[in-house]
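Right, one structure below, let's go through it.
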Amino acid sequence: MDYSEFLRRLPKAELHVHYVGAMRSRTLIELARKHHITLPTEDPDKLYDYDNLFDFLRIFDLAGRSLVDRDDFSRVAYETIEDGVQLGNLKYREMFFNPTSHRMEGIAYRTVVDGIIEGLKQAERNFGVKCNLIAAIHRGHTPAAAREMVEQVVTESRDEVIGIGADAATPDGREGLDLFADAYAYAKRHGLRVSTHCAELPGTVANFSYAHDILKCDRIDHGYRVLDDPQALDRARDEGVWFTCAPTSTARCYGWSDLSQHPIRRMVEGGLRVTLNSDDPTMFGTDIGREFVVACTAMQFPPDTAVELALNGVDASWLDEGERRSLRQTFEREIAALRTQLV
């Protein structure tokens, strides 16, 4: 077995992937036709072509609007797990979804969440892969909408919805973490885990401290700009902060075309606790298996580092202690067998 195959076959726990962003292009085309949504193209090979983050977000919003009934949500959820298993040996996932975006299209929360859970449960029966959910605040929406969404997550609780996050961007393009402090405080009071996309753009390193100290985040999604401040970097390392990073999507959005120089490499070499994830896999032409292959080969990570990154996905998960221990043991057994085949 060569190194690329070893990387693809490593067992993986993925903690930063967006439900809508994992929709197959052909599925989106079919659902858009079904619900009379006009797409820029119906060529599945060109639908997910875009040059920057904001073009991507426009397609992302169209994809969200193409999900209407419970069967739609169930189908996409099932397919995302099927792809992860077949393309990257996915074993566990925590996946973002945006309830507020669908609500603005007149779709009830229960239709969204129960449809997704239905698909995930069928996938778990077929593939043995569990997936929990993170209800994400869309930062393009209002603080009041965010608070209302979190309240609904609490009052209409589902065992599978274990936390909240924040993604997308404010209308003026900033990260806007301060706008949603109230929603985060409410979530923490009611026992939800929390994370946020932050410290992605130039000049946003201060948002790392805000997310960590004020929002009390359990994980940081992306967080590459922590490298811009030696004090923030030292603190993140010393306090063992978890970062859920995504090589391909960020390389494409932020111009880091040379993956050997991607900030993820410096984060790992700097002793930060990093996990690798596919983010919006189908929309960026990738999958969780490919992320390990392209990142670990371009960044010249040896097998021990690749294994550490795979196990980090388990250790950073929001599973309870018993489930996390059991999953890690499963990973360790499978990894030991793979090592014997690695040339």
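The values are calculated or read from the model by the stated rules, or taken from the named source; none is laboratory data. Source: prediction; values computed, not measured. No Cβ is skipped: glycine too gets one built from the backbone with ideal geometry, and neighbour counts run over all protein chains shown.
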Say whether the condition of being surrounded by 20 or more Cβ atoms within 10 Å (Cβ to Cβ) and under 18 Å from the mean Cα position of the chain (by Cα) is met by at least one residue in the range 67-74. yes
Could you look through the range 230-262, keep only residues that are of a type in the set (Asp, Glu) and within 21 Å of SER195 (Cα to Cα), and pick out the one that is surrounded by the most Cβ atoms within 10 Å (Cβ to Cβ)? ASP234
Please go through the range 8-30 and pick out each residue that is in a helix (DSSP H, G or I) and surrounded by 24 or more Cβ atoms within 10 Å (Cβ to Cβ). VAL20, GLY21, ALA22, LEU28
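Let's see how each residue does on (1) under 23 Å from ASN312 (Cα atoms); (2) at pLDDT 95 or above:
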{"residue": "ARG158", "(1), (2)": "no, yes"}
{"residue": "ASP167", "(1), (2)": "yes, no"}
{"residue": "GLY176", "(1), (2)": "no, no"}
{"residue": "ALA185", "(1), (2)": "no, yes"}
{"residue": "ILE214", "(1), (2)": "no, yes"}
{"residue": "ILE220", "(1), (2)": "yes, yes"}
{"residue": "LEU227", "(1), (2)": "yes, yes"}
{"residue": "ALA236", "(1), (2)": "yes, yes"}
{"residue": "CYS245", "(1), (2)": "yes, yes"}
Spot the failing condition for GLU5; the list is (1) under 23 Å from ASN312 (Cβ atoms); (2) buried (at least 16 other Cβ atoms within 10 Å of the Cβ), and only one is missed. (2)
Output for the range 41-52, where each listed residue is within 24 Å of PHE96 (Cβ to Cβ) and either surrounded by fewer than 18 Cβ atoms within 10 Å (Cβ to Cβ) or more than 24 Å from the chain's Cα centre (by Cα) (or both): PRO44, ASP49, ASP51, ASN52
For CYS131, all conditions in the list (1) touching a residue at least 60 places away in the same chain (Cβ under 8 Å); (2) in contact with a strand residue (DSSP E or B) (Cβ under 6 Å, 6 or more places away or on another chain) hold save one; what is the number of the exception? (1)
Pick out the one residue from ASP304, ASP315, ASP287 that is charged (D, E, K, R) and more than 20 Å from the chain's Cα centre (by Cα). ASP304
Please report, ordered by residue number, the helices (runs of 4 or more DSSP H) entirely within the range 251-343 with at least 1 residues that are touching a residue at least 60 places away in the same chain (Cβ under 8 Å) and farther than 20 Å from VAL85 by Cα. 288-298, 303-315, 321-341
From GLU79, GLU124, GLU94, residue being acidic (Asp, Glu), at pLDDT 95 or above and over 17 Å from HIS18 (Cα atoms): GLU124
The range 167-184, residues that are among the hydrophobic types (A, V, I, L, M, F, W, C) and closer than 15 Å to HIS222 by Cβ: ALA168, ALA169, LEU177
Taking interchain pairs and intrachain pairs at least six residues apart, which have beta carbon atoms under 6 angstrom, with the first residue in the range 99-128 and in contact (Cβ under 8 Å) with a residue 12 or more places away in the chain and surrounded by fewer than 20 Cβ atoms within 10 Å (Cβ to Cβ) and the second basic (Lys, Arg) and assigned to a helix (DSSP H, G or I)? GLU105/ARG65; THR111/ARG70
Report those helices (runs of 4 or more DSSP H) wholly inside the range 133-219 carrying at least 3 residues which are of a type in the set (A, V, I, L, M). 143-155, 181-189
Regarding the range 179-198, can at least one residue be identified that is in contact with a Cys (Cβ under 9 Å, 6 or more places away or on another chain), under 24 Å from ARG58 (Cα atoms) and surrounded by fewer than 24 Cβ atoms within 10 Å (Cβ to Cβ)? no
Return the residue satisfying two criteria in turn: it lies in the range 129-141 and is at pLDDT 95 or above and surrounded by fewer than 24 Cβ atoms within 10 Å (Cβ to Cβ), and of such residues it is nearest to the chain's Cα centre (by Cα). ASN132
Answer yes if at least one residue in the range 95-107 is part of a helix (DSSP H, G or I) and within 18 Å of LEU15 (Cα to Cα), and no otherwise. no
